[in-house]
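K.L.:
Pasting in a structure now, in structure tokens, and then I'll have a few things to ask.
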Amino acid sequence: MGYNDYLSMSDDELASLIIEEKKKKGIVILAHNYQRLEIQKLADYVGDSLELSRIAAKVPAQTIVFAGVMFMAETAKILAPEKKILIPDKEAGCPLAESITADQLRELRTKYPNRVVVSYVNTTADIKSLSDVVCTSANAVKVVEHLDGEKIIFVPDRNLGDWVKRCTGADMIIWQGSCYVHERFTVEDVERAKKLHPDAAVLVHPEAPPDVVALADLVASTSGMYKFVQEKRVPAIIGTEVGLMERIRHEIQDSKVYPLKDDAICKTMKYTTLPKLARSVREELFEVTVPEDVRERAVSAVRRMTEMV
Ligand code: SF4
């Protein structure tokens, strides 16, 4: 089957093919919260990147399709080296993860040899392998608190770094990368959304700029936002990529969630389409690899995080 054959199929035909093939091959599909809803609906698990990578390591399936961006599939491979990890579109990168190269981080380490390198999970395997400890947006504050007075180099997101610095007072050199989706949120967006939905709580991802984060009722990761809506059952303005809001509307009955910005869309997250997912599952494409020496060092940084939080 050529790729054009998948393109000529209807959504229903593609969904049936995906369900049939994944069952036949024992494949598990993981979809990030920012994936298109039609992809989320076909996934065995939906969640944030670390949550999904841990699931990849835990499930008995030997082949995993990770519907997300490259650093996420790499993280799954780091935690589940014996498994075949596939990504439906190998061009699905993350500009934030790509904002720092291994050479740039090496240079920083040489310049500041006594600092601890804390890297956000949104980094390449190379960057994780050069880090002392990894963190997520959900546990970054706890990880830095645990480092108890150590001087830090934080990569790559400046807004998350800034938020952690304000919460902990730690001495941090922060790499100036950012996520273009969250970086575009403004104070005016919050004011407009609050005017439209005065009873709604404002939930903002820490990758958003500090003046937007300052207006939030809750600063949280995607999993934190999901949990908030599930537990509190109150209307909420969702300050992250719109895919999470679609997931909440689909999965949490009677939820009332509104986007902070309608067009908060991550282009590369949406590279995964039904034809590409069908091709990935049927033809077992595209396999993600991480060199073993890089993987071993990266997994130590991830384990260190797990020991701390
Ligand atoms: S939303 Fe931002 S951080 Fe997440 S994958 Fe897209 S560009 Fe990267």
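The values are calculated or read from the model by the stated rules, or taken from the named source; none is laboratory data. All values derive from a computational prediction rather than experimental measurement. Note that each Cβ is placed from the backbone with ideal geometry, even for glycine, and that neighbours are counted across all protein chains shown.
Conditions tested, residue by residue: (1) assigned to a loop (DSSP other than H, G, I, E, B); (2) under 20 Å from ILE64 (Cα atoms); (3) assigned by TED's automatic domain parsing to the domain that holds SER10.
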position	(1), (2), (3)
ALA278	no, yes, yes
VAL281	no, yes, yes
LEU285	yes, yes, yes
SER300	no, no, no
ARG303	no, no, no
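K.L.:
GLU74 fails exactly one of the following numbered conditions: (1) over 26 Å from GLY243 (Cα atoms); (2) of a type in the set (Asp, Glu); (3) surrounded by 24 or more Cβ atoms within 10 Å (Cβ to Cβ). What is the number of that condition?
P.N.:
(1)
K.L.:
Do you know which residues across segment 146-175 are more than 14 Å from the ligand (Cβ to nearest atom) and free of Cβ contacts under 8 Å to residues at least 24 places away in the same chain? It would help to see each step written out before you state the result.
P.N.:
Taking segment 146-175 and keeping what is more than 14 Å from the ligand (Cβ to nearest atom), we get 146-154, 162-174.
Result: ASP148, GLY149, LYS165, GLY169, ASP171, ILE174.
K.L.:
Could you list all residues from segment 106-119 that are touching a residue at least 60 places away in the same chain (Cβ under 8 Å) and aliphatic (A, V, I, L, M)?
P.N.:
So the first thing to find is which residues in segment 106-119 are touching a residue at least 60 places away in the same chain (Cβ under 8 Å), and the list is 108, 112, 119.
Once the filter is applied, which keeps residues that are touching a residue at least 60 places away in the same chain (Cβ under 8 Å) and aliphatic (A, V, I, L, M), segment 106-119 yields only LEU108.
K.L.:
What are the pairs with Cβ atoms under 7 angstrom where one residue, in segment 258-271, is over 24 Å from LYS194 (Cβ atoms) and the other, located anywhere, is away from the ligand (no atom under 11 Å from the Cβ)? Sequence gap at least six, or different chains.
P.N.:
Every condition considered, the pairs that remain are LYS270/ARG36; TYR271/ASP89; TYR271/GLU91.
K.L.:
Sticking with this structure for a sec: Of the residues that make up segment 193-208, is at least one touching a helix residue (DSSP H, G or I) at 6+ places or on another chain (Cβ under 7 Å) and closer than 26 Å to SER300 by Cα? Steps first, please.
P.N.:
Going through segment 193-208, the residues touching a helix residue (DSSP H, G or I) at 6+ places or on another chain (Cβ under 7 Å) turn out to be 202-208.
Within this subset, residues satisfying the condition of being closer than 26 Å to SER300 by Cα are 206-207.
Yes: one or more hits.
K.L.:
A further question follows. Can you spot a residue in segment 220-228 that is part of a helix (DSSP H, G or I), more than 16 Å from the chain's Cα centre (by Cα) and not basic (Lys, Arg)?
P.N.:
Yes: one or more hits.
K.L.:
Go through segment 145-191 and give me each residue that's assigned to a helix (DSSP H, G or I) and of a type in the set (Phe, Trp, Tyr).
P.N.:
Of everything in segment 145-191, those that are assigned to a helix (DSSP H, G or I) and of a type in the set (Phe, Trp, Tyr) turn out to be TRP163, TYR180.
K.L.:
For segment 1-19, which residues satisfy the criterion of being assigned to a helix (DSSP H, G or I), loosely packed, with under 13 Cβ neighbours inside 10 Å and without any contact (Cβ under 8 Å) to a residue 24 or more places away in the chain?
P.N.:
Matches in segment 1-19: ASN4, ASP5, ASP12.
K.L.:
Quick check on my filter: what residues within segment 23-79 are more than 18 Å from GLY224 (Cα to Cα) and among the hydroxyl-bearing types (Ser, Thr, Tyr)?
P.N.:
Residues satisfying the conditions are THR63, THR75.
K.L.:
Continuing with the same structure: If we scan segment 208-215, do we find a residue that is within 30 Å of PRO113 (Cβ to Cβ) and assigned by TED's automatic domain parsing to the domain that holds ILE238?
P.N.:
Yes.
K.L.:
Out of (1) away from the ligand (no atom under 16 Å from the Cβ); (2) of a type outside the set (A, V, I, L, M, F, W, C); (3) without any contact (Cβ under 8 Å) to a residue 24 or more places away in the chain, what's the single condition that is false for THR186?
P.N.:
Every listed condition holds for THR186 apart from (3).
K.L.:
Name the one entry in ILE127, ILE173, ILE153 that is surrounded by fewer than 17 Cβ atoms within 10 Å (Cβ to Cβ), modelled with pLDDT of 95 or more and not polar (S, T, N, Q).
P.N.:
ILE173
K.L.:
Only one of VAL242, VAL302, VAL290 is within 16 Å of the chain's Cα centre (by Cα) and away from the ligand (no atom under 16 Å from the Cβ); which? Spell out how you get there, then give the answer.
P.N.:
On the way: VAL242 fails: away from the ligand (no atom under 16 Å from the Cβ); VAL290 fails: within 16 Å of the chain's Cα centre (by Cα).
Residue meeting the stated conditions: VAL302.
K.L.:
Within segment 58-116, can you find the residues that are away from the ligand (no atom under 16 Å from the Cβ) and part of a strand (DSSP E or B)?
P.N.:
Result: THR63, ILE64, VAL65, LYS84, ILE85, LEU86, VAL116.
K.L.:
Restricting the search to segment 193-209, which residues are under 13 Å from ALA264 (Cβ atoms) and free of Cβ contacts under 8 Å to residues at least 12 places away in the same chain?
P.N.:
Those that are under 13 Å from ALA264 (Cβ atoms) and free of Cβ contacts under 8 Å to residues at least 12 places away in the same chain: none in segment 193-209.
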